[in-house]
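Here is the structure we will look at.
The values are calculated or read from the model by the stated rules, or taken from the named source; none is laboratory data. Given the structure is predicted, the values throughout are model-derived calculations rather than measurements. Heads up, the Cβs are rebuilt from the backbone with ideal geometry, glycines too, and the neighbour counts pull from every protein chain shown.
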2 protein chains.
Amino acid sequence: MGRIVQKFGGTSVGDLDRIRHVAGLVKREYDRGNQVAVVLSAMSGITNDLVGKVNSISPLHDTREYDAVVATGEQVTCGLMALALQSLGVPARSWMGWQVPIHTDDVHGKARITGVGTEGILSRFDEGQVAVVAGFQGIAPSGRITTLGRGGSDTTAVALAAALDADRCDIYTDVDGVYTTDPRIVPRAQKIDRITYEEMLEMASQGAKVLQTRAVELAMNQRVRLQVLSTFEDLPGTLVVDEEEIVEQQVVSGIAYSRDEAKVTLVGVDDQPGVAAGIFGPLSDASVNVDMIVQNVSGDGRRTDMTFTVGKTDKDRAVQILEGIRDTLEYGDLNVDPAVVKVSVIGVGMRSHAGVAKTMFQALSEKGINIQVISTSEIKISVLISEDYAELAIRALHTAYGLDAE
Amino acid sequence: MGRIVQKFGGTSVGDLDRIRHVAGLVKREYDRGNQVAVVLSAMSGITNDLVGKVNSISPLHDTREYDAVVATGEQVTCGLMALALQSLGVPARSWMGWQVPIHTDDVHGKARITGVGTEGILSRFDEGQVAVVAGFQGIAPSGRITTLGRGGSDTTAVALAAALDADRCDIYTDVDGVYTTDPRIVPRAQKIDRITYEEMLEMASQGAKVLQTRAVELAMNQRVRLQVLSTFEDLPGTLVVDEEEIVEQQVVSGIAYSRDEAKVTLVGVDDQPGVAAGIFGPLSDASVNVDMIVQNVSGDGRRTDMTFTVGKTDKDRAVQILEGIRDTLEYGDLNVDPAVVKVSVIGVGMRSHAGVAKTMFQALSEKGINIQVISTSEIKISVLISEDYAELAIRALHTAYGLDAE
């Protein structure tokens, strides 16, 4: 007998038939003798509809009321799922965030989980009952309902799995696992059987949408065994686990990409100590996240060009802030290029293998692709290139690292 | 400065424009310097949609999960209303049943309110904040969400007004008050300015749909001053108050009618002690409510006919039960007639005025209307007649008691 957390996203519970189907997947784990907690998102489309209503009433809304409205989506799914399970003869009850309770801070709209009470659910486990838990929501110290922001249900599932000391946290979705890259771009992409937390974290933060970065981070910190698998096809998924659990480690596990960034270049910045702080301090104060940064060597040693990337949605705000400090920074031109894509190769094997970067640069060079910015971490190399070359680059790299399926 | 509870039904908050309109009505009371609590139903159509989903998943459902699902309707309206009020510059926050808290018993789906916590709302009143409270819902001793059943939001409003010791509880609806009878049947029906609790209770329980019986009963017991008025027209409404507050009392205040009952006749029942218990005991055990009862005098003193009414929705169940006890009761025929209507004249003035019944029987007789069953209370006379004569009877009585508008 084990203890399993199963999480189903909005598409998986998108209508009543799908809710019945998911109930069958839960029953299967239950029938195996497992204690099961199910974490659910709102039925797909519902959250957007509720957000639309809120924005229509009040574009600059009180996020506490936003949370009260939006959290109803998960509440409905949970009640219906408990009923669907009961119809299959599986004892079940719904748990809202405040009932579990899922404690969070009071940052409404994007709250962080601070603790999970398990007493209630554990005592029901002892009675053989399945817990159907509303994802994406919690309760603030004030007693108000909070929501966790985008992808919050994944985070709920992982936090609950950690608190319940579950043997596994299964994230059901509309794909059957994590792939070496996006199969829509590379048809010969392969499903990865096992991937390390660190790699999955890089994959998620570099653009792979199958798991939320926050959830992977939490799973890594709490050592929760994650599995990504399909709601609709009965296939083995991808296990996200400790490095030690992976016997034959690939040098490169996957290629991720992100079209969500824009390149900003400040031309002719004074090349002296403190200038970077002068640029990135104000951006940071305005919550504009800066990702890749490169500072060109200047010809005369007095002026330099500073290039960096920001999220596309932050682009206009970033420009506004940089225009505001033009007088103090005394830079020349301010160029913004949104037509870029960031391509990353990821693998823990890089730590012990030389030549990974060389393979990357060579493969791109052979296709005539110009690299605009490079950034690296211990297990990842990212390059910024023109978006025109995105698919070409991804395919070339997928082949170069030997990831193509036979 | 006063303290007001305002309650708005589903039609009044049926879409975002109406929610904005209602926010204006709340602001008007707030701007007068009042402390205001607003009780809201779900947007019209939403509750039925949620109930439909529940029934589709599980026709014989766990009512605890039904409640979890259905209670979301009011949660959405409350969040949106708080935002709409804030947009008008009125400080406001939403309160779910469990946050107030509205304590109930654990009879899910039709729970009764057992207590209302007021500490939270009162302390926010002191800060000048409007409380937007979800109607129809509460929290059981188990910590699960409950709903109060049909018309529950009226009951929430009255219970909250009583607990807050409010000066008035305004029930906003799509009509502008309580009328002497249904204006769709009698165009010369008049709006009643003031009506006693007792009369209102009879009006509601005899078929006038403007207020829920439970809510009136609670208002009467707790001496909450009720007002029924229109959300859409700015007109004075009807006040429901103590008898002492009404200076010139009409003998008859109104004519109510109900098409919801069916007539059942047991022919040739043994006329001996215990036979009534033998009939109505089993019906009561099956929660079939019996309303009017008449026992005909038998010719030979050995057999009698027993006639009574049950709710139309209980008709088939009643027949089933009566067929089941045919052998022990030894009655002859069992006749069921759903083509009946109950017409009631109501007025506290009856207590001190003779001749009210005589006027009724005379008016009906003049129109050739046959009375099938009669029942009376201190302030009400009801007759059961063929439904074909419903409108004719109501119009004749409205005229006979001098209720027609000039």
Could you identify the single residue in B:A363, B:A354 that is farther than 19 Å from B:Q295 by Cβ and exposed (fewer than 14 other Cβ atoms within 10 Å of the Cβ)?
B:A354
Quick test of your reading of the structure: A:V345 fulfils all but one of (1) of a type outside the set (K, R); (2) within 26 Å of A:D271 (Cα to Cα); (3) surrounded by 21 or more Cβ atoms within 10 Å (Cβ to Cβ). Name the failing condition by number.
(2)
Of all the helices (runs of 4 or more DSSP H) wholly in segment A:7-99, which have at least 3 residues that are under 19 Å from A:V228 (Cα atoms) and without any contact (Cβ under 8 Å) to a residue 24 or more places away in the chain?
none
What is the one condition in (1) surrounded by 15 or more Cβ atoms within 10 Å (Cβ to Cβ); (2) under 21 Å from B:D291 (Cα atoms) that B:A339 does not satisfy?
(1)
Just one of B:R124, B:R112 is under 22 Å from B:D170 (Cα atoms) and either of a type in the set (V, I, T) or out of contact with any Lys or Arg (no Cβ under 8 Å at 6 or more places or on another chain) (or both); which is it?
B:R112
Out of everything in segment B:331-360 that is among the hydroxyl-bearing types (S, T, Y) and over 20 Å from B:I192 (Cα atoms), what residue ends up being modelled with the lowest pLDDT?
B:S352
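Please verify whether A:A166 is part of a loop (DSSP other than H, G, I, E, B), touching a strand residue (DSSP E or B) at 6+ places or on another chain (Cβ under 8 Å), under 17 Å from A:V241 (Cβ atoms) and not assigned by TED's automatic domain parsing to the domain that holds A:S258, treating the condition exactly as stated.
Values: part of a loop (DSSP other than H, G, I, E, B): yes; touching a strand residue (DSSP E or B) at 6+ places or on another chain (Cβ under 8 Å): yes; under 17 Å from A:V241 (Cβ atoms): yes; not assigned by TED's automatic domain parsing to the domain that holds A:S258: yes.
Yes; evaluated as a whole, the condition is true for this residue.
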Looking at B:A256, B:A276, which one is without any contact (Cβ under 8 Å) to a residue 60 or more places away in the chain and of a type outside the set (D, E, K, R)?
B:A276
Residues of segment A:42-91 satisfying the condition of being more than 24 Å from B:V22 (Cβ to Cβ), at the interface with chain B (Cβ under 7 Å from one of its Cβ atoms), surrounded by 19 or more Cβ atoms within 10 Å (Cβ to Cβ) and polar (S, T, N, Q):
A:Q86
Of B:S56, B:S44, which residue is within 19 Å of A:I57 (Cα to Cα), assigned by TED's automatic domain parsing to the domain that holds B:P141 and of a type in the set (G, A, S)?
B:S44
Which of the residues spanning segment A:145-176 are touching an Asp or Glu at 6+ places or on another chain (Cβ under 8 Å) and surrounded by fewer than 21 Cβ atoms within 10 Å (Cβ to Cβ)?
A:D176
Please identify the pairs in which a residue from segment A:231-249 that is among the hydroxyl-bearing types (S, T, Y) has its Cβ atom under 8 Å from the Cβ atom of a residue that is exposed (fewer than 13 other Cβ atoms within 10 Å of the Cβ), counting only partners at least 6 apart or on another chain.
A:T238/A:D193
In the set B:A405, B:A354, B:A318, the lone residue that is in a helix (DSSP H, G or I) and either touching a residue at least 12 places away in the same chain (Cβ under 8 Å) or over 21 Å from B:K191 (Cα atoms) (or both) is B:A318
In segment B:242-278, residues that are under 28 Å from B:I379 (Cα atoms) and not hydroxyl-bearing (S, T, Y) total 22
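Please tell me if A:T180 is among the hydroxyl-bearing types (S, T, Y) and away from every other protein chain (no Cβ under 14 Å). Write out each step before concluding.
On the way: among the hydroxyl-bearing types (S, T, Y): yes; away from every other protein chain (no Cβ under 14 Å): yes.
Yes; evaluated as a whole, the condition is true for this residue.
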Go through the residues of segment A:310-318 one by one and say whether even a single one is in contact with a helix residue (DSSP H, G or I) (Cβ under 7 Å, 6 or more places away or on another chain) and surrounded by fewer than 20 Cβ atoms within 10 Å (Cβ to Cβ).
no
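Results for (1) hydroxyl-bearing (S, T, Y); (2) at pLDDT 95 or above; (3) not in a loop (DSSP other than H, G, I, E, B), shown as yes or no for each residue.
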site: B:T313; (1), (2), (3): yes, no, yes
site: B:E323; (1), (2), (3): no, no, yes
site: B:I381; (1), (2), (3): no, no, yes
site: B:A396; (1), (2), (3): no, yes, yes
Subset of segment A:268-290 (residues that are modelled with pLDDT of 85 or more and touching a Leu at 6+ places or on another chain (Cβ under 9 Å)):
A:V269, A:G278, A:I279, A:P282, A:L283, A:N289, A:V290
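In this structure, is A:A68 closer than 30 Å to A:D165 by Cβ, in the same structural domain as A:G151 (by TED's automatic domain parsing) and of a type outside the set (S, T, N, Q)?
On the way: closer than 30 Å to A:D165 by Cβ: no; in the same structural domain as A:G151 (by TED's automatic domain parsing): yes; of a type outside the set (S, T, N, Q): yes.
In short, no.
Please go through segment B:92-116 and give me each residue that is of a type in the set (A, V, I, L, M) and surrounded by fewer than 23 Cβ atoms within 10 Å (Cβ to Cβ), ordered by number. Full working, then the answer.
Pass one, segment B:92-116, residues of a type in the set (A, V, I, L, M): B:92, B:96, B:100, B:102, B:107, B:111, B:113, B:116.
Hits for segment B:92-116 are B:V107, B:V116.
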